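Here is the structure we will look at.
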Amino acid sequence: MIDAPARPINGHHRVPERRRARVVPLGRLLRRLVGVDERLLNEVPQERARYTSLATIVVSTALIAAFSLWSAASLLLPDVPWILLAPIALVWAAIVANLDRFLITGMHGTASRARWGGFGVRLLIAIVLGLFIAEPLTLKIFQSRLDQEIAATRTAALDHRESELRRCNPLEGPVPAGCEGDLLNGSEKVAAADGTVGDKEKDVAALTRKLTQDRRDVARLRRDAQLECNGTGGDGRTGKVGVGPSCRQLRTDLGKLERAVDLPAQERALAAAQRGLGEVATAKAQVRTERAAEIERGIAAKLAEKRAESTTIGLAERWEALGRVSSESGFVLFMHWLLRIFLVLFDCLPIISKLLNGTTRYDELVTRELQSSLRRHDAELAFNDRKVVGGYENLLYEEEQAIQRRKRDADLRQRIEVADQDREAERFAAGIVRRLRGESEPQP
């Protein structure tokens, strides 16, 4: 590439050089991106390729940043066409390129201790920017593996959610502790049915126990009467055959007991209670069936809500998945850090390359130009200060002279007034003397 002829700098004449062809606009545009002054660069044309390469690195970093943002946006908005995401990526590329331009242009010139301190800050900014650019690319590269991990995690979360809902909504028994947020409506129906069945079962059990006890008492008394009437001895019986007083007494007691307990009425009441128990048991089974269906529908609705909350995969969820996969696989962890370090170093290349180049001839010219500009600026400031101060000094001198003139004029007028007063007093005194002497007034 052949460049344009160099121009004199600071008014110093340079040795004429051979005429050069016109500079290709692209190279000049690239070097302008990193803040290169073509007027100074023409003095050291050997540095032109160096700064063109530096500008190319800045452009490459900006393009990688654009691809990174496009990757992140495509992960967040998978349904949006890529053509609509491209302008956002290009704006981000322009921001990154402008930031790199800011970092590099501040490093032109010869090195100093303060400049090294500024370089540390710039390198830190570049590293943070590199991490911000590298992570979306890392997520894009491991996208398929991360999608599998996220799907497995979501499935496990749904299974856990379903088990918690089933544990907190049992068909029988009390609700476990800690289930305040997982209760489904309708559990009171089953509780009411359970209470009704329990009451009926208690009634049937009580009737059964009473009927059984009364049957035993009637049977025992009937047996005692039969044995007494048959003349079977023993256990307080008379042992005489026939209907004697003891036999008649036992038969009378038996009749009273049968009338008192009324076994047929108890049997009818027990049969009615058993029929009622069967009815409420059937109703309970129906309520349990309906409750089981309600629980299944409620669990399905809760799980559908949870699935609806996870229709898209966010960046935070992908980063969490990347952390889990890295902790489970040493190879993924190694590749993750290798890729991250590579991308961070690549994003820091504009600053690192400027450091590796060291102080160039162009940097020396920049420093001299800055020093010359500072001297000219100081001289201009001194000239302007002297000019302004001199103007005010002249004005002050003129004002002082005017004050002196006014003072002299006032003094002269005062003297004239005093002299006029003296002459008037002398004339008045002479007139008095003449009048005293009887002399006539002199004619004016």
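The values are calculated or read from the model by the stated rules, or taken from the named source; none is laboratory data. Just so we're clear, the structure is a prediction, and the values are computed from it rather than from any experiment. Cβ: placed from backbone, ideal geometry, glycine included. Neighbour counts: every protein chain shown.
Here are a few things to note about the model shown:
- Scanning region 243-268 for residues that are in a helix (DSSP H, G or I) and aliphatic (A, V, I, L, M) returns Leu250, Leu254, Leu257, Ala260, Val261, Leu263, Ala265.
- Among the residues of region 281-336, those identified as of a type in the set (Ser, Thr, Tyr) and free of Cβ contacts under 8 Å to residues at least 60 places away in the same chain are Thr282, Thr289, Thr311, Ser326, Ser327, Ser329.
- Residue match in region 179-189 (condition: under 30 Å from Ala300 (Cα atoms), in contact with a helix residue (DSSP H, G or I) (Cβ under 9 Å, 6 or more places away or on another chain) and modelled with pLDDT of 70 or more): yes
Residue by residue, here is whether (1) surrounded by fewer than 11 Cβ atoms within 10 Å (Cβ to Cβ); (2) at pLDDT 80 or above; (3) assigned by TED's automatic domain parsing to the domain that holds Phe132 holds:
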residue: Ser310; (1), (2), (3): no, no, no
residue: Glu317; (1), (2), (3): no, yes, no
residue: Arg324; (1), (2), (3): no, yes, no
residue: Val344; (1), (2), (3): no, no, yes
residue: Pro350; (1), (2), (3): no, no, yes
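- Close pairs from region 35-52: first assigned by TED's automatic domain parsing to the domain that holds Met107, partner in a loop (DSSP other than H, G, I, E, B) and among the β-branched types (Val, Ile, Thr), Cβ under 7 Å, at least 6 apart: Glu47/Thr360; Arg50/Thr360; Tyr51/Val34; Tyr51/Val36
The rows are residues; the columns are (1) of a type in the set (Gly, Ala, Ser); (2) more than 30 Å from Gln143 (Cβ to Cβ); (3) surrounded by 15 or more Cβ atoms within 10 Å (Cβ to Cβ).
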| residue | (1), (2), (3) |
| --- | --- |
| Thr360 | no, yes, yes |
| Lys387 | no, yes, no |
| Gly390 | yes, yes, no |
| Leu396 | no, yes, no |
| Glu399 | no, yes, no |
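- Where Val121 falls short, out of the listed (1) of a type in the set (A, V, I, L, M, F, W, C); (2) loosely packed, with under 15 Cβ neighbours inside 10 Å; (3) at pLDDT 80 or above: (3)
- Check on Phe428, outside the structural domain of Ile104 (by TED's automatic domain parsing), assigned to a helix (DSSP H, G or I), under 58 Å from the mean Cα position of the chain (by Cα) and of a type outside the set (A, V, I, L, M): no
- Residue satisfying all of: in region 10-37; of a type outside the set (Lys, Arg) and buried (at least 16 other Cβ atoms within 10 Å of the Cβ); modelled with the lowest pLDDT among these: Val23
- Of residues in region 68-85 being surrounded by fewer than 17 Cβ atoms within 10 Å (Cβ to Cβ) and part of a helix (DSSP H, G or I), the one nearest to the chain's Cα centre (by Cα): Leu76
- Scanning region 56-107 for residues that are of a type in the set (Asp, Glu) and without any contact (Cβ under 8 Å) to a residue 40 or more places away in the chain yields a single hit, Asp79.
- Selection of first residues in region 204-230 that are in contact (Cβ under 8 Å) with a residue 24 or more places away in the chain and assigned to a helix (DSSP H, G or I) and of second residues that are surrounded by 14 or more Cβ atoms within 10 Å (Cβ to Cβ) and β-branched (Val, Ile, Thr), restricted to Cβ pairs under 9 Å at least 6 apart or on distinct chains, gives the following pairs, ordered by first then second residue: Lys210/Val261; Leu211/Val261; Asp214/Val261; Arg215/Val261; Asp217/Val261; Val218/Val261.
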